[in-house]
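The values are calculated or read from the model by the stated rules, or taken from the named source; none is laboratory data. For clarity, every value in this text was computed on a predicted model and none was experimentally measured. Heads up, the Cβs are rebuilt from the backbone with ideal geometry, glycines too, and the neighbour counts pull from every protein chain shown. When the accessible area is computed, the model is the full protein with side chains, heavy atoms only, and any ligands, DNA or RNA have been set aside. Shrake-Rupley method; radii C 1.70, N 1.55, O 1.52, S 1.80 Å.
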Amino acid sequence: SVIAAGLGTRLLGSHFDWMLFDDIVTDEHTWSQAIRNDARNRYNASLFMLDSKTGKQILTGTPYHVNDLYTKIALTQGYRILKIQAGGTDTNTPLSFPTRHTQEFLDRKKRHYKAMGQEIMYYLQFQLEPRSGYLVASDASWIKSIARADLPDRMYRIILVDPAWKGTKNSGKGD
């Protein structure tokens, strides 16, 4: 038998072999930590209804926040994750849905979100990644390896990291 219920619906005494969660993260999760916490708590509570030996779950949806339920689950061990990103030049992969999301469409969406100060939403919604180029404070190409023998004797090996640095509009341009 099949039962359809919203996240958090009380189905006391029920135990399921399969649970399918579809779009349990919405745009409301963008604005409120309380809503993100509530969704996480309801999801975790629903897992008590999953059969403890053979139960399986499937989650489908699109992330809306870097700390929403989908992103948290993706960081949790024990889950197999299948991401179908839009692809294109941002991921150096072929377009996943070229008749629906052309490269021009993706470029236009990215420019739109960037102009609104929400480039991260482009990466969440289309590339399923909780990151954006705007948030990157450094570039791996800036790091150069040199042999100890090539360092002058008066130099010390020190790695300095500023975890509080928030970046500037000039990040990536040498500041």
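The value of relative contact order for region 1-126, using C-alpha pairs under 8 Å at least six residues apart, is 23 percent.
Counting 0.36 nm for each residue step from residue 15 to residue 58 and taking away their Cα separation leaves a gain of 13.9 nm. Each label was represented as a point 7 Å from its Cα along the Cα-to-Cβ direction; for residue 38 and residue 72 these points are 1.4 nm apart. Once C-alpha pairs closer than 8 Å and six or more residues apart are averaged by separation and normalised to the residue number of region 1-50, the relative contact order reads 56 percent. Figure note: 10, 36 ranked by solvent-accessible area, largest first, 1.4 Å probe, ligands and nucleic acids not counted: 10, 36.
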